[in-house]
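> Here it is, the structure in full.
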Amino acid sequence: MRLIAALFAAALAPGLVAASFAAPVEAAEFRWAATADAATLDPHAQNTATVLGFLNNVYEGLVRRGRDMALESALAERWEALEGGAGWRFHLRKGVTFHDGAAFDAEDVLFSHARAASKQSDVASWFAQVRAVEAPDPYTVDFLTTAPSPIFPDSIANFMIMDKGWAEANGAALPDRETGNFATLNANGTGAFRVTLREPGLQTVLEPFDKWWGTPEHNITRAIHKPIKNPATALASLISGAVDFIEPAPIQDIERLRATDGVQVIEGVEARTIFFGFRQNRERLLDGGANIFKDVRVREAVNHAINVEAIVTVILRGAAQPVSQLIDPASRGYSHARAARPAFDLDKAKALIAEAGASGAAFTLACPNDRYIADAAVCQAVVGMLAQAGLAPRLVTLPAAQYFAALRERQFDMYLLGWSADTFDAEHPIRFLAATPDAEKKLGSWNFGGFSNDRVDALLPLIQTELDEAARQAMLDEVAAILQDEAAYVPLYVQPLLWAARANIALSQRADNFFILRWVTVN
Amino acid sequence: MLAFILRRLAQSALVLLAVGLIAFAMFRFVGDPIDAMLGQERTVEDIARLRAALGLDRSFVEQYLRFLGGALQGEFGVSWRLGRPVGRLLAERAPATLELALVSGVLAVGLGIGLGVYTALRRGGWLAGAIMTGSLIGVSLPTFLIGILLIWVFSVELGWLPSFGRGETVDLGFWTTGFLTVSGLKALILPSITLGLYQMTLIMRLVRAEMLEVLRADYIRFARARGLRERSIHFRHALKNTLAPVITVTGLQIGAIVAFAIITETVFQWPGVGLLFINAVQAVDIPVMAAYLMLIAALFVAINLIVDILYVMIDPRLRADRAGAAR
């Protein structure tokens, strides 16, 4: 008996020691869970919010975004437009070091640009207008553009700087999306946190970088990021205190979470608009009938038939915000002149549909079912609303992996899409969603409906190069008016952003759904 | 015996080839990996380049042959989602799944046989009745619901056990184990119950039914007439004869435990191969999906083979029949 007791004690002892060591550290240890892990640590290999959001804690750009999404200085202390719109000059911060101790200077910026603008990169589109990059001295870098580019600094807020020596020494001079390389699993940035342990798909441990150039606002000594795929498990882990923060918080549990002790819900809206598009450049619908969506009256009728207020209140628990454009009101270039959505008016919708001779027309309405918050439920509701207005939509819902492939092959008559403008500027959705598709010019790559308007196509290059804010806004207002009058798309709402944390955590939410660790305080 | 094993091996290889072919024919319906790999600013050109680099522009037969060619050399390709060799990924994740499967297997077999015998011998007793009623929960509730229920009770309400993950693990170089730390052992409890419950009730009900059948047989009656002790009758004579079908079912269930670990691993964020597979499906990570499916198929085939051999060894009549047929 004594032997068994001794064995038990021996087995338990390491655990007890570990526990007593862990206790004092836990005060400022922060454990956070997200649905997915970043697929790579390479900041130029995948242009997705999951990857760039996570890496924002480790790598830094020349500029960065603050709590209100406004640009602020990061590795560049200040920047200015070059004479005559020839490009932009960035004055680099001195005394910055990478996590491995190497010094940061213009050489790293030139290298990172070459890497990020390469064919293997997924972020090359940020540099489409860059003609050359020059470094007049080790702490000044000029980005020369083919035409004046007012939004260039906004475009590169997520352009992260890598150390030239480190990348080259480790055979990661170029990103590798297909097979991965050293930079896929390791990181060496200048950011406030450095990666001390990386187990892809399991956990990533971050610790504050003691030689960071900025003044830390956080009190974290160690942060552990773990993916938890199942929302119910994530929720249970938060309530039981196994994690301090989860993202996203499942929308169906929001009311209950608000009422749970020890837990807080952080609500905002994400800079992502949700809208419907139409396959409008074909003569026929997919099943062979005449294409009703060529007729602007039918598209307008859809605008009037959908009760966005009801969708927001009932399905999205009041957390979303109705919207009239393809960007959210907080973004640059939003058209205040066209802030109002077409009113919900069933009679008007019916009249327009009857007038267009589209009553009873059958078509496919397609939606993803795992991409946006409550996407399938929203579509289900819209099918009912359109049926009331006299149309006969057939709902198709697909997982994202199949949905976007089918969308590219134009397999639907009407489809749901979400868009977040990486530049937080109204030009972005025009370039990708409203311009006439043109693979050569890299325009309209998400314009699956084939909307085409000569005036919009003519205004886009002018908007891209206009340096005068007022003149630029006038053109953006004109495009917004055209898109609304033509009902090119039917904007619905800005998607809610729902996070949940333990009550003792103070943090800031940013509209691009990036989780910024240096704004977290554990109380 | 040798000819028998060789024949079964040849059949097994055919099964594996067929599984691979069917899997590759299905992958195109899972979706397109491109959207999980590229950001929204990708161009038409980017898509075409990536498709060509991944070999997606070829027919599924061609993709399958390429996969087979690599697999024969022990090379399963690189995960498209994680950019790491699939063989390494599977080797890293396998210990988690196998430890979980082992614990739930032991739980299922041990408790299943024990409770099965008990309920057969104490038929009509209130405890046996309660166990039988309780076992209905095990067969009728879906795994994920049991998992969530357990998490809610033991992690959220009572706060005794962790709600997800594997706890602290010890790296032995070739194997990471959760058996050597307290948090690792605690983390095993809920997932192994969730995973093993169905198998446990199945084995228990099977043992009970078989046992009741055997206890009615003539030789048991003769044994009683000879005045043998009850314990000896129950365990040496009755139980031993119920075990042949139990072994078949248990063997197949071991495969099922590993395969169905997908759901349990998703609920508990258990870092095993099942979770790896689910994530691969969502991102249409074909190299990982293909390797996992082949691995599971190989596992089932191997278990079946072992069960067949065990069967021959346990039941002398099969050997006699075979010998008789050969003559």
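The values are calculated or read from the model by the stated rules, or taken from the named source; none is laboratory data. Since the model is a prediction, treat every value here as computed from it, not as a measurement. So basically every Cβ, Gly included, is an ideal-geometry build from the backbone, and we count neighbours across all protein chains shown.
> Filter the range B:47-78 for residues that are of a type in the set (Val, Ile, Thr) and surrounded by 13 or more Cβ atoms within 10 Å (Cβ to Cβ) and give the result.
Hits for the range B:47-78 are B:Ile47, B:Val78.
> Being over 19 Å from A:Arg64 (Cβ atoms) and within 14 Å of another protein chain (Cβ to nearest Cβ) is the filter here; which residues of the range A:111-169 pass it?
Residues satisfying the conditions are A:Ala117, A:Ser118, A:Lys119, A:Gln120, A:Ser121, A:Asp122, A:Ala124, A:Ser125, A:Ala128, A:Gln129.
> Condition check: in a loop (DSSP other than H, G, I, E, B), small (Gly, Ala, Ser) and modelled with pLDDT under 95. Does A:Ala33 satisfy that?
no
> Can you name the residue in the range A:387-399 that is at negative phi and surrounded by fewer than 21 Cβ atoms within 10 Å (Cβ to Cβ) and, of all such residues, is farthest from the other protein chains (Cβ to nearest Cβ)?
Among those residues, the one meeting the criterion is A:Gln388.
> For the range A:444-453, check the following and say yes or no: at least one residue is within 14 Å of chain B (Cβ to nearest Cβ), more than 25 Å from A:Leu395 (Cα to Cα) and touching a Ser or Thr at 6+ places or on another chain (Cβ under 6 Å).
Yes - at least one qualifying residue is present in the range A:444-453.
> Something else about it: Looking at B:Leu295, B:Leu275 in this structure, which one is under 15 Å from the mean Cα position of the chain (by Cα), modelled with pLDDT of 90 or more and part of a helix (DSSP H, G or I)?
Result of the check over B:Leu295, B:Leu275: B:Leu275.
> Going residue by residue through the range A:261-277, is there one that turns out to be among the basic types (Lys, Arg) and surrounded by fewer than 22 Cβ atoms within 10 Å (Cβ to Cβ)?
no
> Grab the helices (runs of 4 or more DSSP H) fully contained in the range B:74-178, keeping just those with 1 or more residues being within 14 Å of chain A (Cβ to nearest Cβ).
B:86-121, B:143-150
> Going by the conditions given, is A:Ala406 in contact (Cβ under 8 Å) with a residue 40 or more places away in the chain, within 13 Å of chain B (Cβ to nearest Cβ), over 19 Å from A:Thr364 (Cα atoms) and under 23 Å from the mean Cα position of the chain (by Cα)?
No.
Okay, residues lined up against (1) among the polar types (S, T, N, Q); (2) in contact with a strand residue (DSSP E or B) (Cβ under 6 Å, 6 or more places away or on another chain):
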site: A:Glu207; (1), (2): no, yes
site: A:Trp212; (1), (2): no, no
site: A:Asn219; (1), (2): yes, yes
site: A:Lys226; (1), (2): no, yes
site: A:Asn230; (1), (2): yes, no
site: A:Val243; (1), (2): no, yes
site: A:Phe293; (1), (2): no, yes
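> Would you check if B:Glu210 is touching a residue at least 12 places away in the same chain (Cβ under 8 Å), crowded, with 16+ Cβ neighbours inside 10 Å and assigned to a loop (DSSP other than H, G, I, E, B)?
Considered against the rule, which asks whether it is touching a residue at least 12 places away in the same chain (Cβ under 8 Å), crowded, with 16+ Cβ neighbours inside 10 Å and assigned to a loop (DSSP other than H, G, I, E, B), B:Glu210 comes out as no.
> Filter the range A:203-231 down to the residues that are within 14 Å of another protein chain (Cβ to nearest Cβ), in contact (Cβ under 8 Å) with a residue 24 or more places away in the chain and in a loop (DSSP other than H, G, I, E, B) and list them by number.
Passing the criteria: A:Ile228, A:Lys229.
> Here's a follow-up. Quick check: anything in the range A:441-449 under 23 Å from A:His336 (Cβ atoms) and among the basic types (Lys, Arg)?
no
> What are the pairs with Cβ atoms under 6 angstrom where one residue, in the range A:80-101, is in contact (Cβ under 8 Å) with a residue 40 or more places away in the chain and surrounded by 15 or more Cβ atoms within 10 Å (Cβ to Cβ) and the other, located anywhere, is assigned to a loop (DSSP other than H, G, I, E, B) and β-branched (Val, Ile, Thr)? Sequence gap at least six, or different chains.
Here the result reads A:Val96/A:Thr190; A:Phe98/A:Thr190, each pair linking the range A:80-101 to a residue that is assigned to a loop (DSSP other than H, G, I, E, B) and β-branched (Val, Ile, Thr).
> Residues of the range A:218-233 being out of contact with any Pro (no Cβ under 8 Å at 6 or more places or on another chain) and either of a type outside the set (S, T, N, Q) or within 19 Å of A:Pro496 (Cβ to Cβ) (or both), which ones?
Scanning the range A:218-233 gives A:Arg222, A:Ala223, A:Ile224, A:His225, A:Lys226, A:Pro227, A:Ile228, A:Lys229.
> Okay, next question. A:Arg64 passes all but one of (1) under 20 Å from the mean Cα position of the chain (by Cα); (2) part of a helix (DSSP H, G or I); which number fails?
The failed condition is (2).
> Does A:Gly189 satisfy being more than 30 Å from A:Leu460 (Cα to Cα) and either within 14 Å of chain B (Cβ to nearest Cβ) or in contact with a His (Cβ under 7 Å, 6 or more places away or on another chain) (or both)?
Yes, satisfied.
> Follow-up question, since we're still on this one. Residue under question is A:Asp512, and the condition is that it be acidic (Asp, Glu), surrounded by 20 or more Cβ atoms within 10 Å (Cβ to Cβ) and modelled with pLDDT under 95; does it hold?
yes
> Something else about it: How many of the residues making up the range B:236-272 are within 14 Å of another protein chain (Cβ to nearest Cβ) and either out of contact with any helix residue (DSSP H, G or I) (no Cβ under 6 Å at 6 or more places or on another chain) or outside any helix (DSSP H, G or I) (or both)?
Final tally of qualifying residues: 4.
> Could you give every pair whose Cβ atoms fall below 7 Å, whose first residue belongs to the range B:51-62 and is closer than 15 Å to A:Ala405 by Cβ, and whose second residue is of a type in the set (A, V, I, L, M, F, W, C), counting only separations of at least 6 or pairs across chains?
Taking only residues 6 or more apart or on different chains, the pairs are B:Arg51/B:Ile34; B:Leu54/B:Trp80.
> Let me ask you something else. Kindly evaluate A:Asp370 against the criterion of being closer than 30 Å to A:Asp253 by Cα, at pLDDT below 95, surrounded by fewer than 20 Cβ atoms within 10 Å (Cβ to Cβ) and not basic (Lys, Arg).
Against the criterion (closer than 30 Å to A:Asp253 by Cα, at pLDDT below 95, surrounded by fewer than 20 Cβ atoms within 10 Å (Cβ to Cβ) and not basic (Lys, Arg)), A:Asp370 qualifies.
> Now a separate question. Does A:Ala249 satisfy the criteria of being buried (at least 19 other Cβ atoms within 10 Å of the Cβ), closer than 21 Å to A:Thr97 by Cβ, away from chain B (no Cβ under 11 Å) and modelled with pLDDT of 90 or more?
So A:Ala249 fails the test.
> Tell me yes or no: at least one residue of the range A:296-312 is free of Cβ contacts under 8 Å to residues at least 24 places away in the same chain and either more than 26 Å from A:Ala406 (Cβ to Cβ) or assigned to a helix (DSSP H, G or I) (or both).
No, the range A:296-312 contains no residue that is free of Cβ contacts under 8 Å to residues at least 24 places away in the same chain and either more than 26 Å from A:Ala406 (Cβ to Cβ) or assigned to a helix (DSSP H, G or I) (or both).
> Please verify whether A:Thr184 is surrounded by fewer than 18 Cβ atoms within 10 Å (Cβ to Cβ), closer than 19 Å to A:Ala39 by Cβ, modelled with pLDDT under 95 and among the polar types (S, T, N, Q), treating the condition exactly as stated.
no
> While we're looking at this one, here's another question. Within 12 Å of chain B (Cβ to nearest Cβ) and either out of contact with any helix residue (DSSP H, G or I) (no Cβ under 6 Å at 6 or more places or on another chain) or not in a strand (DSSP E or B) (or both): is that true of A:Gly241 in this structure?
yes
> When you check B:Phe277 against the structure, is it touching a residue at least 12 places away in the same chain (Cβ under 8 Å) and more than 14 Å from every other protein chain (Cβ to nearest Cβ), yes or no?
No, not satisfied.
> Of all residues in the range A:471-516, how many are of a type in the set (A, V, I, L, M, F, W, C), within 17 Å of the chain's Cα centre (by Cα) and within 30 Å of A:Ala192 (Cα to Cα)?
Qualifying residue count for the region: 7.
> Conditions: (1) out of contact with any strand residue (DSSP E or B) (no Cβ under 9 Å at 6 or more places or on another chain); (2) in a loop (DSSP other than H, G, I, E, B). A:Ala236 meets all but one. Number of the miss?
(2)
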